[in-house]
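Right, one structure below, let's go through it.
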Amino acid sequence: MPDGRPVSFAELAERVSPAVVNITTSTTIAGPTGPQGLVPEGSPFEDFFRDFENGGPDAPRRASAAGSGFVIGAEGLIVTNNHVIADADEILIEFQGGDTLPAELVGTDPTTDIALLKVEPEEPLPFVSFGDSDAVGSRVGDWVMVIGNPLGIGFSASAGIVSARNRALSGTYDDYIQTDATINRGNSGGPLFNMDGDVIGVVTAILSPDGRSIGIGFAMSSAVATNVVAQLEEYGETRRGWLGVRIQNVTPDMVDAIEGLTEAAGAMVTDVPEGPAADAGILAGDIILTFDGQDVADTGELVRIVGNSPVGKVVDVEVLRDGEMTNVAVTLGRREEAQGVEPEVEQEPEPPAPAEMQMLGLTLSELSQDLADEYSLPESEGLVITGIEPMSDAEAKGLLPGDVITEVGQQAVTTIDQFEERIEQAREAGRKSILLLVRRAGDPRFVALVLDDE
């Protein structure tokens, strides 16, 4: 391998390709329900269209699709993409020698687009193993190889490099490896190999204006896939850890506004609905800096760490609160059982007529029933933004009329007097910015506004 470049990929391809499989699926789909043919009665084409419809316009039809996969156990476990086998009535696995076996679905995870299949071989199958997608051999610039069934033409290999790491497309647990190895339709579900022959990614998608490969392909990293596959094998479904918080990234302009924070790192808690975090005492405004002994760089990393943690595990969570580090022990719940859990909003009696003020580029009013009705607000207390000064820091930060400020400097506010008091305290402390907790349509986020000189 002179200059770090392989002379040939032949030896690697010969060693790992027997574990790569072609996957063919068939699905029964309903026939079209709208007008068919639109041929006048008595037309010479009437018989033709009747034959073509083969039983009528509502007759079910069979559709087939092709993809790729790879064997991870001699007993017949096969990994592929969920979208390759979704809604399939029949799944057939074709091996490199031409043998074909039917497969049963063990489990699937649409969130990461990973599925696990099982065949019943007469003798042990050649298989490959997952490698460490965070180790040497998976760095940007390292060589990788893809083997699969592009466009249904059969077994095919392509090579390239790791182009980027930690790509997110649209999923909560995304951790994609980007590669310029040629990937086309039909490669989905196939393996992305490092030069040691370990699978460091499951090929999932390409970025292309016309569906053809332009050298931008994505494979779900083995850091995510290994845990998903293990859960599918054991339970037939995923069982992800659940912390039970709403979070946002800490931005550089927040650092000066938060006591004890020295860099833009961690995940800031914006809300704590009923769940494990609330039971453990985590509060809105806490900044999660470590989780189960692992440093938290941002919200994406926290989501992945929590999701990969066992349900029921007691973990130590270090948070920055009021300028001091606090350790909280949380017993994790199960994410799949918590879908749709939202915090309850407690309705308070209607407040008196609102006061109004202008400060920091904002026009603020105390929340009243009239304002709640005008802006369709779910909140029961706080300060409503009714105006934004053009060219102000507030406008630049994306604040809008109808947003509700519920905390200033990480302390609750319900009156104009409280808002002014918090601003004055921040100025006296020498701060250059102040942290606001702002809710829009019930969803919270923290925003740091520059304190203007007075």
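Annotations
- Beta carbons closer than 6 Å, at least 6 apart along the sequence or on distinct chains, pair a first residue in region 208-222 that is hydrophobic (A, V, I, L, M, F, W, C) with a second that is in a loop (DSSP other than H, G, I, E, B) and open to solvent by less than 30 Å² (accessible area, probe 1.4 Å) for M220/T112.
- Number of residues in region 146-182 that are assigned to a strand (DSSP E or B) and either open to solvent by 20 Å² or more (accessible area, probe 1.4 Å) or not aliphatic (A, V, I, L, M) (or both): the value is 14.
- Selected residue (criterion: most open to solvent (accessible area, probe 1.4 Å)) from residues of region 94-145 that are touching a helix residue (DSSP H, G or I) at 6+ places or on another chain (Cβ under 7 Å), closer than 16 Å to S17 by Cα and of a type in the set (A, V, I, L, M, F, W, C): F127
- Residues that are in contact with a Pro (Cβ under 6 Å, 6 or more places away or on another chain) and assigned to a loop (DSSP other than H, G, I, E, B), drawn from region 185-216: G186, N187
- Pick from region 401-415, criterion closer than 11 Å to L364 by Cβ and not in a strand (DSSP E or B), ranking: most open to solvent (accessible area, probe 1.4 Å): P401
- Selection from region 365-412 of residues that are of a type in the set (D, E) and within 15 Å of I423 (Cβ to Cβ): D393, E407
- Residues of region 120-147 satisfying the condition of being closer than 19 Å to G211 by Cα and over 25 Å from the mean Cα position of the chain (by Cα): I147
- With respect to the conditions (1) open to solvent by less than 50 Å² (accessible area, probe 1.4 Å); (2) closer than 21 Å to L283 by Cα; (3) polar (S, T, N, Q), Q418 falls short on a single one, namely (1).
- When the criteria are applied in full, T386 meets the requirement of being hydroxyl-bearing (S, T, Y) and either more than 29 Å from the chain's Cα centre (by Cα) or on the phi > 0 side of the Ramachandran plot (or both).
- Given (1) touching a residue at least 60 places away in the same chain (Cβ under 8 Å); (2) out of contact with any His (no Cβ under 7 Å at 6 or more places or on another chain), number of the condition D113 does not satisfy: (2)
- Pick from region 317-340, criterion in a strand (DSSP E or B) and under 24 Å from the mean Cα position of the chain (by Cα), ranking: farthest from Q411 (Cα to Cα): R334
- Summed over region 241-260, the residues that are crowded, with 19+ Cβ neighbours inside 10 Å and under 23 Å from D393 (Cβ atoms) give a count of 4.
- T226 being under 30 Å from L302 (Cα atoms), open to solvent by 40 Å² or more (accessible area, probe 1.4 Å) and in contact with a helix residue (DSSP H, G or I) (Cβ under 7 Å, 6 or more places away or on another chain): no
- Scope region 347-400; condition open to solvent by 70 Å² or more (accessible area, probe 1.4 Å), of a type in the set (G, A, S) and either in contact with a Leu (Cβ under 6 Å, 6 or more places away or on another chain) or modelled with pLDDT of 85 or more (or both); matching residues: S376, A396
The values are calculated or read from the model by the stated rules, or taken from the named source; none is laboratory data. Please read all numbers here as calculations on a predicted model, not as lab measurements. Cβ coordinates were reconstructed from backbone atoms using ideal geometry, including for glycine residues, and neighbour counts include every protein chain displayed. What goes into the accessible areas is simple: the full protein's heavy atoms, side chains included, and nothing from ligands, DNA or RNA. Shrake-Rupley method; radii C 1.70, N 1.55, O 1.52, S 1.80 Å.
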